Amino acid sequence: MSTVLTDEKIPNNVNLAGDKRLQRALEAWQPQFIDWWKQMGPVGWQERDIYLRTAVSVETEGWAHFNYVKMPDYRWGIFLEPKQPDRVHGFGDNQGQPVWDEVPGEFRNMLRRLVVTQGDTEPASVEQQRMLGATAPSLYDLRNLFQVNVEEGRHLWAMVYLLHTYFGRDGREEAEELLQRRSGDSDKPRILGAFNEPTSHWLSFFMFTMFTDRDGKYQLAALAESGFDPLARTCRFMLTEEAHHMFVGETGVQRIVKRACELMKTGDVRAQGGVDLPTLQKYLNLWYSLSLDLFGGEVSSNAADAFAAGLKGRYKEDRYDEHKLIGSHFGMEVLEEGRVVHKDVPMRNALNEVLRTEYIKDCQRGVDRWNKTIREEGIDFELRLPDHKFHRQIGMWSNHRFAPSGELLDQSTWDARRGEWLPNDADETYIKSLMHPVYERGKMANWIAPPAKGINALPGDFEYVKL
Ligand code: BYC
């Protein structure tokens, strides 16, 4: 494994210095990235010292370095997991054949589309979260927000590296466009739905990092199986960083839940300035359903083609016995003549649903842990994931209305009850009214409990951000 040269302009373990043309191209993209970061990244705080983790190598031990850094000086590097000698395609039509180190011509467009779609989500999320630094509930949370932001920036670098290295001129053009689209912009929106939704307060931020970043985990894991080896190696290392983002989301919501329970024991939660559990359930419904859409249509020829080509596999492909999936089927709900029925769908076409099913199980484990907190507080309330058909905007359920229970509804019932299940204007106004910054060391906003422990074994009252 090559050592990382931290004195290079772009830290990397891909021997960038050995490819002058690529190095020049990426060094030309770097100032554009910094411009974008300053224009569309976190508002304020750019000149402050933040206690951040920086990836410095891909060694299991000691891959990250913690120190104070000003965000524009963050060392966004390019890191790929070491190449496994003799790696072969683990699935699809080429199973058992040596993996590719170059893009095969016939799959070039499909692969570029996957890389661009993945890449587009990274700057999108930074744009969505750019205002949150004004209202963080503590210095600990403020630091975590910026940690997530800079690492999404690094994930953008990871995809731009692939575009520049393997896709020639159109790759370079795509890399520029990644800095030109804008989350929520009607003329040049980000590619996927959830990445154009506003994340205008911290409850949405925690739900986003719980549910939307978790889609990232599953998509990256599926791409980590890729027979295009540079993509697989890139995504494997990205997953290392992704774990912290989901930690921020899951524990963030857990701390809000805990505080809500404490307040329930002394009176009305809202009257005491907390986030009541029924409102929290509505935001759960919203971000979970938006994130389910990110898996694409239930029956998808794109998914079948990507699997056949060996470009995108299943979550942890090696847990399965069979890797070609010809002649096998997946039993799932489908809509036929206005009715929900169970049907066997050819497995390759059902792969988006297969991945979504794994994701749902993982989300359920997180919700179970939140419910454990509620029980431990002695409160009688249960948070629930809504049915997968609820509030869908992509795929076969998107033209129909379903209750969180999964019951098919007519439009007028949906219109009448929507506000019970999804945040309404009053909820949004209330949640925003709670968002006041708390920037005293060790202090916490009233609507959220303190974290169980600090970052990098530091105490909770550590000066995570220097004011
Ligand atoms: N919104 O065959 P279909 C992350 C489009 S998150 C808008 O049903 P397919 C992160 C689709 O593009 C992980 N459009 O689905 C998290 C296609 O359009 P075209 C991101 C959508 O293609 C937090 C058409 O509908 N990574 O990393 O099998 C913070 C028919 O598509 C949506 C990836 O997504 C949608 N939700 O699957 C930071 C991995 N869904 O081509 C980062 C790469 C579908 O006909 N992407 N469409 O114009 C993929 O694997 C696939 O593109 C998708 C869609 C899974 C997204």
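The values are calculated or read from the model by the stated rules, or taken from the named source; none is laboratory data. Every value quoted in this text rests on a predicted model; they were computed, and no experiment measured them. Virtual Cβ from ideal backbone geometry, glycine too; neighbours counted across all protein chains shown. Just so you know, the surface numbers come from the protein's heavy atoms only, side chains and all, with ligands and any DNA or RNA stripped out. Shrake-Rupley method; radii C 1.70, N 1.55, O 1.52, S 1.80 Å.
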Residues (touching a helix residue (DSSP H, G or I) at 6+ places or on another chain (Cβ under 8 Å) and within 16 Å of the ligand (Cβ to nearest atom)) located in region 370-397: 388, 390, 391, 392, 393, 394, 395
Residue identified as among the basic types (Lys, Arg), part of a loop (DSSP other than H, G, I, E, B) and open to solvent by 10 Å² or more (accessible area, probe 1.4 Å) among 312, 361, 343: 312
Could you grab me the full set of residues in region 26-58 that are part of a helix (DSSP H, G or I) and open to solvent by 20 Å² or more (accessible area, probe 1.4 Å)? 27, 28, 30, 31, 32, 34, 35, 38, 39, 40
Quickly run through region 365-403 and pick out the residues that are hydrophobic (A, V, I, L, M, F, W, C) and under 21 Å from residue 290 (Cα atoms). 367, 370, 383, 385, 390, 394, 396, 397, 402, 403
Please list, ordered by first then second residue, the pairs with beta carbon atoms under 6 Å, 6 or more apart or interchain, first in region 195-224 and under 16 Å from residue 282 (Cα atoms), second open to solvent by 10 Å² or more (accessible area, probe 1.4 Å) and more than 10 Å from the ligand (Cβ to nearest atom). 201/432; 201/435; 210/250
Matching option when the condition is at negative phi, among the aromatic types (Phe, Trp, Tyr) and more than 12 Å from the chain's Cα centre (by Cα), among 237, 206: 237
Residue by residue through region 139-193, note down the ones that are open to solvent by 10 Å² or more (accessible area, probe 1.4 Å), in contact (Cβ under 8 Å) with a residue 40 or more places away in the chain and within 14 Å of the ligand (Cβ to nearest atom). 174, 181, 183, 184, 191, 192, 193
So residue 395 ticks every box in (1) on the phi > 0 side of the Ramachandran plot; (2) without any contact (Cβ under 8 Å) to a residue 24 or more places away in the chain but one. Which box is left unticked? (2)
Is there a residue in region 434-449 that is assigned to a helix (DSSP H, G or I), more than 18 Å from residue 145 (Cβ to Cβ), open to solvent by 30 Å² or more (accessible area, probe 1.4 Å) and of a type in the set (S, T, N, Q)? no
Go through region 89-116 and count every residue that is assigned to a loop (DSSP other than H, G, I, E, B) and either within 16 Å of the ligand (Cβ to nearest atom) or touching a helix residue (DSSP H, G or I) at 6+ places or on another chain (Cβ under 6 Å) (or both). 7
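Listed here are the residues, each with its yes/no results for (1) within 11 Å of the ligand (Cβ to nearest atom); (2) over 23 Å from the mean Cα position of the chain (by Cα); (3) without any contact (Cβ under 8 Å) to a residue 40 or more places away in the chain; (4) open to solvent by 40 Å² or more (accessible area, probe 1.4 Å).
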position: 281; (1), (2), (3), (4): no, no, no, no
position: 288; (1), (2), (3), (4): no, no, no, no
position: 305; (1), (2), (3), (4): yes, yes, no, yes
position: 323; (1), (2), (3), (4): no, yes, no, no
position: 352; (1), (2), (3), (4): yes, no, no, no
position: 365; (1), (2), (3), (4): no, no, yes, yes
position: 368; (1), (2), (3), (4): no, no, yes, yes
Sole residue being touching an Asp or Glu at 6+ places or on another chain (Cβ under 6 Å) and either in contact (Cβ under 8 Å) with a residue 24 or more places away in the chain or among the hydroxyl-bearing types (Ser, Thr, Tyr) (or both), chosen from 74, 68: 68
Just one of the numbered conditions (1) touching a residue at least 60 places away in the same chain (Cβ under 8 Å); (2) more than 25 Å from the chain's Cα centre (by Cα); (3) open to solvent by 40 Å² or more (accessible area, probe 1.4 Å) is not true of residue 374; which one? (3)
